[in-house]
Amino acid sequence: MTHISEYPGKLDLDNCAREPIHIIGKTQAHGVLVSVDPENFIITQVGENATQFFGEAFDSFLGKDLTYLLGEEQMTGVVELLNSEEISVPREVWINNIKFLMLAHNSGLNLILDFEPLQEVDSSYHFQRQLTRVLNKFKASKSVDQLCNAATILTKEMFGYDRVMIYRFDEEWNGEVIAEIKEEDMGSWLGLHYPATDIPAQSRELFLKHQVRVISNVHYTPVPITPEISPLNEEPLDISRSGLRAVSPIHIEYLKNMEVGASLSAAIIVKGKLWGLIACHHKAAKYLDFYQRESCRFLAQMFSTELTLQENTALISRAKLSENIRRQLVVQMKEENDVVTALSEGNVKFTQIISCGGGAIFIKDQWKLIGNTPETKQLESLLNFIKKQPKNLFWTSKLSTLFPEANAYKEVASGVLCLKIADYKYIFWFRPEQIQEVNWGGNPQAKAFYNEKEDRLSPRKSFEKWSEKLTGISEAWQENDRDVARALRENISYTLLAQQQKEIEALNTQLMEANEELKLFSYGLSHDLRAPVRGMEGILAILDEDHRKELSEDGQALLQMSRDLNEKMNDLIDNILEYSQLNHADGLKVETVNTSELIGEVLKFVNVEGSYPKTTVKILPELPSMEGDRGMLFQLWSNLLNNAIKYSSEEENPFVEIGTEQLKGREVFYVKDNGIGVPKKMKKKIFETFQRGVGSRFKGTGIGLAIVKRIIEKHHGEVWLKSEEGKGSIFYFYIEI
C-alpha cells in the first residue's frame, strides 16, 4: 500500500510546489474529522483525536452508524440537512457534553464532517456593527494605500492577531508587504519582498477556492486519520475543502523559522485573480472558530470589492484619456494621406496614447523615431527578434533578459510594447529602466536546504532584511496599455485598408483609360499598318507579273522573299488584332455548340484535303457538345488543329487525332499529333505571345497558342501540354461556363 504522507523522491525546489497538500492524510488538532458513507451514514474514517473530544477510543466509532455519535434526537435533524441541497450550512450539535459546530461537505464518494468546539458567539448585532464599521472605513478610503491600512487596522481590532499585513503579488507571484500593523515589540516587515516559492502555485489555487486558511497552533502534532485509505474507493481521502486539513511540514517549519505561533490568511481576489492576502501572525497559539473565520472572509470580500472599485475607477480615468487621444489620432489619420505622418507629426502623437519614454514606427522599410529610443541599427536587430514572436502584440518590462543585446540600451528601453499591424508594419513604445532597490525578507536565492533528519527539503531559516539592486526593469505594462494598443491597431489597419482601396480605385481608373487607349491603338494599327502592307503587296505583285523575267535568279529569289515577308506581316497584323479583340471583349455570347460540326467547319477552313493530302485526321465519335462563345471556340479549334496539321506535315504518315479523355476528375478534349513535338525548354513558354520553338521551318507568328490560352481562360477552363521533342504532342483542355 502506498502511504499518502510520502514525499517526491527527487529532492529539489519543486517539491514544495508539488507536495500533495490536499491529501496529506492528517488534520490539525483543534477539531475532529469524521468521514461517513453518505448512502447509509456508516462512519468509515475518523481522526484519532476523537478520543480526546468525544470521550471514547477513536477506533470504536469505525463501522458504526453516525447515530452512535450524535444520538437519535440530533440525528434526525442532521439527516434532513445532509439530504438537502444546503449541506454546507453549519449545524450545532452536542457530543460528550461539548457543543460542536458541524461542517459538512462531499469529497468524491465520501461525506466529510468537521467537528469544531463552539465558542461563545457574539450577538448578531455585534457582528452587524463590525461589518458596518468595516464597510464605512473602506468606503472612506481615498486611495489603495488608505484602503490597505484600514484593512490591517480593522482586522487586528476584530481578531486580535499580533501582526496583520496586506501581502500583494506581482506578475511573477513574488510577494510584497504593502501595509502592516503590529505589536510594538515586533520588528517591521513593511516593504519586504518574498519569492514566489514561499507560496507555491497549488497553495495559491486553494486560496482562490477556499479563501480563508487558519493555522491555530504551529507547534501542534498532526492528527492521523484512521484508516489512511478510504474504504469506499480505496483512494487517499481528499480533504482540501476541510478547515481542519493539516499543514505542509515545510510550511510549518517556515512559520517556526519566522517565530510565528499561529496564522490566518484570507484571499484578496480582484477580477477572478489572486491579488494578494490579508496575512495575520500571532506569537502564540490562537484559534478562530468558524463564525470568526466567516467574518474574516466577509471582510476580505468587502476589501476586494472596494479595491476592485478603486482600481476600476483609476483604470477608467486612464482609459478615457487614452480614448480621447486615440480618437484624435483617428481624425488625424483621416485627414492625412500618410499614416506615419498622422501618428507622429500631428497635434497628438502616438506616444501620448500610452505612458512611455519614446516610440518608433516601422512601415515600408522606413523608421520614424520619437523621444528616447534605441538607435536605428539596434531597432533593426530588435525587430528581427520580435518578428519571431507568435502574436501580434509583444510586451515585456525586462527586455534584456529575453534579448541580451538590449542591455546596451536599457536606460531608454528596458521595457518594450510592440504592435504588429501587418507584415513589415510595426509600432513600438519604449519605457526606460527604473533602478529598484528591493528589500527581501531573507536572501531570495537561499530558498531551501536538504534536511537530513526529516529526509526532505526545509525552508530557509533567516528572514533578515536582504537588499538587492534590480536593473534592466521598466514600469510594467498594464492590461489597459495592451487594450489601447489593440484598439489602435484596428484603427490603423482600417485606415491603411481605406487608403489601399483608394489607390486601387485610382489604378483601376488608369487601367480602364489605358485599356480604351489600347483598343483605339489596336484599331489604329489595323488602319495604319494594313494600308502600307497592302500597298506593298500590290507593288510586289505587279513587279512579279511584269518584270520577273527581267530579273536575275537572285533578283527573283529576293522578290519571292519580299512577297513572303509581306504575307507574314499581314498574318501578324491579323493575329495581333485577333488577340487584342479577345482581351477587350466585353462578354461571351454563350450557346450550346455541336463540337463535331464545329470541327468539320474548321477542317474545311484549313483545307486539309487540298493543302495536306497526306494527313490523316481521326475524330472520335460522339464528342460532347460545348457551352461557350461559338466564334471564340472556332478560333480555339482552328489554332489547335492548324498547329497539329502543320507541325506533323513533314512526317511520312502525318496523323492527327481529336477526342476526349477522363483527366483531373472531368472529361477533357485533346488534339494529338505525331509531329515534331515541343522542346523541353519551351514547354512553359509555348502559350506566351511571340514564342516559337521551330525556327523558320514552318510559317507562323507565335500568337496562335496565346490566343488558345486566352479563349480558354475567358471560358474559365485550363489548357496544358504533353509532348516530347520528335515524338509528337497532345494538347489537353476543358472549359467551364
Failed condition for R163, given (1) surrounded by fewer than 15 Cβ atoms within 10 Å (Cβ to Cβ); (2) under 23 Å from I268 (Cβ atoms); (3) of a type in the set (D, E, K, R), with all others met?
-> (1)
Subset of the stretch 229-250 that is charged (D, E, K, R) and farther than 12 Å from G25 by Cα - its residue that is surrounded by the fewest Cβ atoms within 10 Å (Cβ to Cβ) = E234
Please indicate, with yes or no, whether at least one residue in the stretch 411-422 is over 27 Å from the mean Cα position of the chain (by Cα) and closer than 24 Å to E171 by Cα.
-> yes
Out of (1) closer than 25 Å to S723 by Cα; (2) over 58 Å from the mean Cα position of the chain (by Cα); (3) at pLDDT 85 or above, the one E597 does not meet is (1)
Any idea which of I278, I268, I199 is surrounded by 22 or more Cβ atoms within 10 Å (Cβ to Cβ), at pLDDT below 85 and within 24 Å of A179 (Cα to Cα)?
-> I199
State the number of residues belonging to the stretch 128-151 that are surrounded by 15 or more Cβ atoms within 10 Å (Cβ to Cβ) and either closer than 21 Å to K182 by Cα or modelled with pLDDT of 85 or more (or both).
-> 12
A284: passes all of (1) in contact with a helix residue (DSSP H, G or I) (Cβ under 7 Å, 6 or more places away or on another chain); (2) modelled with pLDDT of 90 or more but (1)
Filter the stretch 179-192 down to the residues that are in contact (Cβ under 8 Å) with a residue 60 or more places away in the chain and over 13 Å from H281 (Cα atoms), then identify the one that is surrounded by the most Cβ atoms within 10 Å (Cβ to Cβ).
-> L192
Select from the stretch 357-369 the residues that are assigned to a strand (DSSP E or B) and over 25 Å from the mean Cα position of the chain (by Cα) and write down the one among them that is farthest from I492 (Cα to Cα).
-> G358
Selection within the stretch 711-725 - free of Cβ contacts under 8 Å to residues at least 60 places away in the same chain, in contact with a strand residue (DSSP E or B) (Cβ under 7 Å, 6 or more places away or on another chain) and outside any strand (DSSP E or B) | G717
The stretch 333-356: number of residues that are in a helix (DSSP H, G or I) and under 21 Å from E475 (Cα atoms) = 3
When restricted to D114, D59, the only residue outside any helix (DSSP H, G or I), touching a residue at least 60 places away in the same chain (Cβ under 8 Å), among the acidic types (D, E) and closer than 28 Å to E234 by Cβ is D114
If you go through the stretch 279-332, how many residues are farther than 23 Å from L255 by Cβ and outside any helix (DSSP H, G or I)?
-> 0
What number of residues within the stretch 254-278 are touching a Lys or Arg at 6+ places or on another chain (Cβ under 6 Å) and part of a helix (DSSP H, G or I)?
-> 1
Residue, modelled with the lowest pLDDT, within the stretch 692-734, restricted to residues that are among the aliphatic types (A, V, I, L, M) and more than 13 Å from Q635 (Cβ to Cβ) | V694
Residues within the stretch 29-53 that are assigned to a strand (DSSP E or B) and among the hydroxyl-bearing types (S, T, Y), tallied = 2
From the list L633, L598, L623, which residue is crowded, with 16+ Cβ neighbours inside 10 Å and part of a loop (DSSP other than H, G, I, E, B)?
-> L623
Number of the condition not met by L393 [criteria: (1) within 25 Å of N480 (Cα to Cα); (2) more than 25 Å from the chain's Cα centre (by Cα); (3) touching a residue at least 60 places away in the same chain (Cβ under 8 Å)] | (2)
Read through the list (1) touching a helix residue (DSSP H, G or I) at 6+ places or on another chain (Cβ under 8 Å); (2) in a helix (DSSP H, G or I), then give the number of the only condition that L208 fails.
-> (1)
Look at the stretch 718-733 and say how many of its residues are surrounded by fewer than 19 Cβ atoms within 10 Å (Cβ to Cβ) and either under 20 Å from L641 (Cβ atoms) or under 50 Å from the mean Cα position of the chain (by Cα) (or both).
-> 7
Pair list, Cβ < 6 Å and 6+ apart or interchain, from the stretch 594-619 residues that are closer than 15 Å to V656 by Cα to residues that are among the aromatic types (F, W, Y) and in a helix (DSSP H, G or I) | I599/W637; V602/W637
The residue that is nearest to H715 (Cα to Cα), considering only those in the stretch 615-655 that are among the hydrophobic types (A, V, I, L, M, F, W, C) and more than 59 Å from the chain's Cα centre (by Cα), is I619
Taking the stretch 291-320 and the residues there that are aromatic (F, W, Y) and surrounded by fewer than 20 Cβ atoms within 10 Å (Cβ to Cβ), the one that is farthest from P117 (Cα to Cα) would be F298
Taking the stretch 341-385 and keeping residues of a type in the set (V, I, T) and surrounded by 15 or more Cβ atoms within 10 Å (Cβ to Cβ) leaves V348, T351, I353, I354, I361, I363, I370, T373
Would you point out which residue out of Q556, Q560, Q581 is within 60 Å of the chain's Cα centre (by Cα), more than 21 Å from I645 (Cβ to Cβ) and at pLDDT below 90?
-> Q581
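The values are calculated or read from the model by the stated rules, or taken from the named source; none is laboratory data. Values in this document were obtained by computation on a predicted structure and should not be read as measured data. Don't worry about glycine lacking a Cβ; one is built from the backbone with ideal geometry, like all the others, and counts go over all protein chains shown.
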